[in-house]
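Reviewing the structure listed below.
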Amino acid sequence: MRKSLCLLAVIASLVSLTACSSATSQSQALASPGECADTSAGKASKAISVSGDFGSIPEVTFAKGKLAADATERTIVSKGDGEQVDPGDTTFVEMSIYNAVTGSIVAQTAYGASPATAIVVNDQKYLKGLVRAVECTTVGSRVAAFVTAGDGFGSAGSSDGTVQADQPLVVVADVLSTVHSDAKADGVPQEPVAGMPAVELDTAGRPTVTIPEEPAPADLQVAVLKQGDGAVVQPDAEVIINYQGVNWRTGEVFDESWGNGPTNFQLSAVVKGFSSAIAGQHIGSQVIAVIPPDLGYGPSGGNSQAGIEADDTIVFVIDILDASSTTAPAAG
């Protein structure tokens with residue numbers, strides 16, 4: 001479904017901080033389910049001065065090379081009144097990351113110039129210090145964290161050389177929204193559309209798709225199974241979804257996120273039929289899309305690893321849980 005299996009973050013400079021980088025071999029322990037690692041403030045994090053509006057590029061000052069602590073520390077610069085960010089959540093953030101020794105920027109999200117970046121609150125996928133910076137905060141919060149080298153790039157340093165061996169980090173993050181790992185589309189159920197595959201949901205929201213005993217349609221078909229009332233998803237959005245993919249020819253599931261928690265990506269990073277099924281829908285909706293080969297894997301000859309041949313039609317059931325965009329939401 002993705003064009004790139006390593007698309008764990010939108011901003012290229014942040015990709016090197018994820019599990020796709022060899023630099024993430026440092027100490028990384030995933031918090032137990034439901035256990036929130038609430039990182040405390042300390043002398044080092046309190047010495048980070050942050051100003052500017054939430055959601056905009058911050059003004060950050062600190063004594064270069066002089067901050068030190070035995071463990072990662074976090075100070076709440078301003079506390080939001082939204083829901084708590086829990087382990088396993090997928091969370092939209094704007095984030096600035098600095099080398100604590102040199103003061104230089106290691107990575108920075110676009111702060112409105114492109115869709116906000118989503119990170120998974122899971123330190124097996126992202127640097128432990130980044131996860132500790134946002135975990136257990138609330139939506140709407142701005143935080144400042146001093147990240148020890150052990151919770152950052154450790155003795156390896158960063159792959160691009162901006163952080164040398166054993167250098168700590170300073171992280172300033174704005175928490176824009178969060179999607180819990182057990183989230184489901186909460187829209188109003190709609191009447192089934194004739195000719196579309198049947199969908200049944202279990203108690204966790206995972207679908208079972210039954211393919212009709214007839215040839216697949218030649219054109220893209222999209223139907224709303226649950227009508228959400230959130231903002232309209234724009235074509236340039238980064239989205240947070242659950243999905244299941246089924247091959248029309250075999251009736252078999254070839255890919256899904258249910259059971260692993262929501263996934264995130266930019267709509268430009270997936271096959272055209274998949275992005276077309278999501279753009280224009282409301283957050284909170286569940287949709288089913290029947291995607292012909294020319295809008296799926298057909299142009300690239302299929303997907304042998306998933307058992308998809310070049311002329312196979314594929315079916316996706318998608319829960320649209322959240323979206324971030326640079327384009328103003330459409331009216332209505």
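The values are calculated or read from the model by the stated rules, or taken from the named source; none is laboratory data. Bear in mind the structure is a predicted one, so any value in this text is a computation, not a measurement. All Cβ positions, even for glycine, are placed from backbone atoms using ideal geometry, and neighbour counts span all protein chains on display. The accessibility values were calculated without ligands, DNA or RNA, using every heavy atom of the protein model including side chains. Shrake-Rupley method; radii C 1.70, N 1.55, O 1.52, S 1.80 Å.
Hey, what do the phi angles of the range 271-281 turn into as Karplus ³J(HN,Hα) couplings, whole Hz, using 6.51/-1.76/1.60 and θ = phi - 60°, x for Gly and Pro?
Coupling constants for the range 271-281: 4, 4, x, 5, 5, 5, 6, 9, 4, x, 8 Hz.
Provide the three semi-axes, in whole Å and in decreasing order, of the ellipsoid equivalent to the range 95-200 as defined by the square roots of 5 times the Cα gyration tensor eigenvalues.
37, 15, 13
Compare S49, S257, S114 by solvent-accessible area with a 1.4 Å probe and give them largest first, with all protein chains kept in place.
So the residues, ranked largest to smallest area, are S49, S114, S257.
Considering only C-alpha atoms, what is the centroid distance from the range 54-81 to the range 253-332, in Å?
Cα centres, the range 54-81 to the range 253-332: 37 Å.
Just to be sure I understand: if I project the alpha-carbon convex hull of the chain onto a plane and average over all orientations, what area do I get in nm²?
17.0
Based only on the alpha carbon positions, what is the Kirkwood hydrodynamic radius of the range 251-298, in angstrom?
One over the average 1/r among Cα pairs gives 12.3 Å for the range 251-298.
Within the range 124-145, whose backbone N sits under 13 Å from a point 7 Å along Cα→Cβ of T61?
Nothing falls inside the zone, counting backbone N under 13 Å.
Count neighbours as other Cβ atoms within 10 Å of each site's Cβ, and list the GluC sites (Glu not before Pro) in the range 158-264 that are DSSP loop with at most 16 such neighbours.
Passing both the DSSP loop test and the Cβ count: E213, E252.
Once you put a point 7 Å from the Cα of S114 and another 7 Å from the Cα of S155, both along the Cβ direction, what distance in nm separates them?
3.5
Please go through the range 208-286 and write out the chymotrypsin sites (Phe, Trp or Tyr not before Pro) that DSSP classes as loop and that have at most 11 other C-beta atoms within 10 Å.
Those that pass, being in a loop and sparsely packed, number zero.
Roll a 1.4 Å probe over the protein heavy atoms and report the accessible area of K46 in Å², nearest 10.
For K46, the solvent-accessible surface is approximately 150 Å².
Treating the range 64-103 as a set of equal point scatterers at the Cα positions, no solvent, please give the Debye-formula log₁₀ I(q)/I(0) at q = 0.16, 0.19, 0.33 Å⁻¹.
-0.67, -0.88, -1.25
For the chain, report the accessible area per residue in Å² (1.4 Å probe, heavy atoms, rounded to an integer).
Result: 43 Å² of accessible area for each residue.
Spin-label point model (7 Å from Cα, Cβ direction): what's the D182 to D311 distance in nm?
It works out to 4.6 nm between the two label points.
Could you please state how large a percent of the accessible area of the chain is carbon and sulfur, counting protein chains only and using a 1.4 Å probe?
49
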